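As structure tokens, the structure follows; a few thoughts come after it.
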Amino acid sequence: MSGYEEINGCLHVDGVSLKEIAQEHSTPTYVYSASVIKNQYDALKGAMERALPADRQPKLCFACKSNSNIAILGYLRSLGSSLEIVSEGELKRGLKAGFDANQIVSTGVGKLDSEIAACLTAGIHQFNVESIPELENINKIAKELGKIATVVFRLNPNVSGGGHHKTSTGRKRDKFGISEDSLYKAYQLASNMNNIEPLGMSMHIGSQVFTVESFKAAFEKIPAIVGKLRDQGHKVTRLDIGGGFPIIYKDEKLLDLDNYAEWVRDIILPLDTEIIMEPGRYLVGNAGVLLTKVAYVKETSERKFLVVDSAMNDLIRPTLYEAYHDIEAVENRNAPKTIYDVVGPICETGDTFSTDRELTEMKRGDLTIIKSAGAYGYCMASNYNTRGLPPEILVHEGKAHLINPRQTVEEILDKEVIPDFIKA
Ligand SMILES: Cc1ncc(COP(=O)(O)O)c(C=O)c1O
């Protein structure tokens with residue numbers, strides 16, 4: 001049994017009924033399918049294996065930010081993945097999940113001193129550097145620690161990719177990466193620094209990139225730059241070509257991975273470097289759902305609302321990016337359909353999962369799933385409205401594993417302190 005399927009009228013995940021999960025763990029709850037994660041990993045790896053020779057396979061560095069639960073990280077590690085991180089916290093997660101430090105690459109536009117020091121002390125594979133001030137800071141910290149930092153420079157290729165303007169990262173106006181001119185300057189500076197070893201470049205043009213042409217347009221900038229760097233006497237042995245592979249939220253036409261892999265073969269492979277990739281959403285997005293319960297069916301003169309017990313604090317994507325997520329009933333799946341707005345209980349009109357959505361008729365207490373919530377779901381959740389974070393469950397071969405228990409309100413309140421000047 002694999003993924004999400006209906007068995008005897010009830011949705012199951014990897015053989016476990018979502019109704020049973022709700023009974024045992026209540027709602028809202030994040031549920032992930034291990035088989036979907038594996039299938040996605042195998043699909044990406046398979047496309048690269050078909051296109052590239054065995055001894056030139058890319059290092060697939062899972063973007064921890066998309067789902068940072070250590071069980072998910074550990075599972076991806078067991079499948080062969082490496083890791084991309086953006087904070088000291090993610091470094092600690094990666095190490096706790098069993099990754100070797102040399103499987104970890106550190107990215108991000110504002111690496112903090114403590115994070116740089118922790119990465120150097122651990123001995124990570126590389127820093128993807130995004131500015132000259134950051135390069136200088138890494139050199140300074142590496143000197144203090146008596147380390148050599150291996151760096152690549154993130155090029156801003158001025159290529160627009162990404163399904164939403166807030167997830168497009170490769171345009172000139174975006175805060176990410178450095179221009180081609182600055183890259184040459186940075187490389188030159190780096191080669192004169194005692195505690196830096198510059199080894200190549202990286203790029204990441206955005207998330208939910210649907211057109212292979214966007215990747216191709218960005219890739220096509222690389223050979224000339226590598227050639228020029230080599231002509232200037234620099235060593236270029238690593239190219240990190242980022243993530244951004246899309247998943248299905250509605251009815252999107254997916255990127256042709258074989259086509260993508262062929263561009264890697266035609267444009268990147270001849271440059272004779274180590275190849276690194278940073279897939280996030282693609283590996284985990286479709287594996288996860290947010291399981292929620294109908295708290296009320298509310299009808300006004302204008303609309304019919306399904307008020308569910310999950311909210312924008314649990315899954316912020318619809319509010320933040322106007323993101324579409326499919327919603328399905330867990331049971332009574334053949335009931336007549338009706339039009340609902342699906343909303344959470346939070347005091348914001350933006351706390352809306354969908355508007356004018358045709359769904360099977362539901363009543364108070366019915367279970368629904370908000371689909372494709374495995375990436376940028378739980379890891380972006382907050383305590384807004386003093387709502388505890390939902391639990392996370394990983395289902396593997398017919399068994400549901402609690403990988404993160406529900407946060408209680410007491411756990412939130414216990415951390416807060418009323419100072420003495422406030423009289424009782
Ligand atoms: C540098 C970098 N690499 C990889 C990713 C992963 O992107 P995706 O989840 O779209 O694959 C991101 C996402 O923000 C990123 O910023």
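Some observations on this one:
- Any chance Asp314 is within 17 Å of the chain's Cα centre (by Cα), away from the ligand (no atom under 16 Å from the Cβ), in the same structural domain as Asn8 (by TED's automatic domain parsing) and in contact (Cβ under 8 Å) with a residue 24 or more places away in the chain: yes
- Selection status of Ser214, crowded, with 21+ Cβ neighbours inside 10 Å and over 26 Å from Ile124 (Cα atoms): yes
- Within segment 362-376, at least one residue is in a loop (DSSP other than H, G, I, E, B), farther than 26 Å from Asn334 by Cβ and either in contact with a Phe, Trp or Tyr (Cβ under 7 Å, 6 or more places away or on another chain) or of a type in the set (Phe, Trp, Tyr) (or both).
- Only residues that are surrounded by fewer than 23 Cβ atoms within 10 Å (Cβ to Cβ) and assigned to a strand (DSSP E or B) were counted in segment 269-293, giving 3.
- Cβ-Cβ contacts under 7 Å between residues 6 or more apart (or on different chains), taken from a first residue in segment 269-286 that is under 21 Å from Lys38 (Cα atoms) to a second residue that is of a type in the set (Ser, Thr, Tyr) and more than 8 Å from the ligand (Cβ to nearest atom), are listed as Leu283/Tyr41; Gly285/Ser372; Asn286/Ser372.
- If you check Ile124, Ile148 for being surrounded by fewer than 20 Cβ atoms within 10 Å (Cβ to Cβ), touching a strand residue (DSSP E or B) at 6+ places or on another chain (Cβ under 8 Å), farther than 30 Å from His396 by Cα and in the same structural domain as Asp181 (by TED's automatic domain parsing), only one passes: Ile148.
- Checking each residue in segment 8-55 for being within 21 Å of Gly365 (Cβ to Cβ) and surrounded by fewer than 14 Cβ atoms within 10 Å (Cβ to Cβ) picks out Asn8, Gly9, Glu20, Gln23, Glu24.
- Checking Leu290 against (1) touching a helix residue (DSSP H, G or I) at 6+ places or on another chain (Cβ under 9 Å); (2) within 14 Å of the ligand (Cβ to nearest atom), the condition it does not meet: (2)
- Residue within segment 228-242 that is over 29 Å from Arg317 (Cα atoms), without any contact (Cβ under 8 Å) to a residue 40 or more places away in the chain and part of a helix (DSSP H, G or I) present: yes
- Criterion (in contact with a strand residue (DSSP E or B) (Cβ under 8 Å, 6 or more places away or on another chain) and more than 9 Å from the ligand (Cβ to nearest atom)) met by exactly one of Ile248, Ile267, Ile275: Ile275
- Qualifying residue in segment 181-192 (condition: under 30 Å from Ile141 (Cα atoms), of a type in the set (S, T, N, Q), free of Cβ contacts under 8 Å to residues at least 12 places away in the same chain and not in a strand (DSSP E or B)): yes
- Candidate set from segment 349-378 (those that are surrounded by fewer than 15 Cβ atoms within 10 Å (Cβ to Cβ) and within 26 Å of the chain's Cα centre (by Cα)); member that is nearest to the ligand (Cβ to nearest atom): Gly350
- Qualifying residue in segment 201-219 (condition: assigned to a loop (DSSP other than H, G, I, E, B), assigned by TED's automatic domain parsing to the domain that holds Leu145 and more than 16 Å from the ligand (Cβ to nearest atom)): no
- For Leu11, the conditions (1) touching a residue at least 40 places away in the same chain (Cβ under 8 Å); (2) in the same structural domain as Ile268 (by TED's automatic domain parsing); (3) touching a helix residue (DSSP H, G or I) at 6+ places or on another chain (Cβ under 7 Å) are fulfilled apart from (2).
The values are calculated or read from the model by the stated rules, or taken from the named source; none is laboratory data. Quantities reported herein were computed from a predicted structural model and do not represent experimental measurements. When we count neighbours, we look across all protein chains shown, and the Cβ atoms used for this are built from the backbone with ideal geometry, even at glycine.
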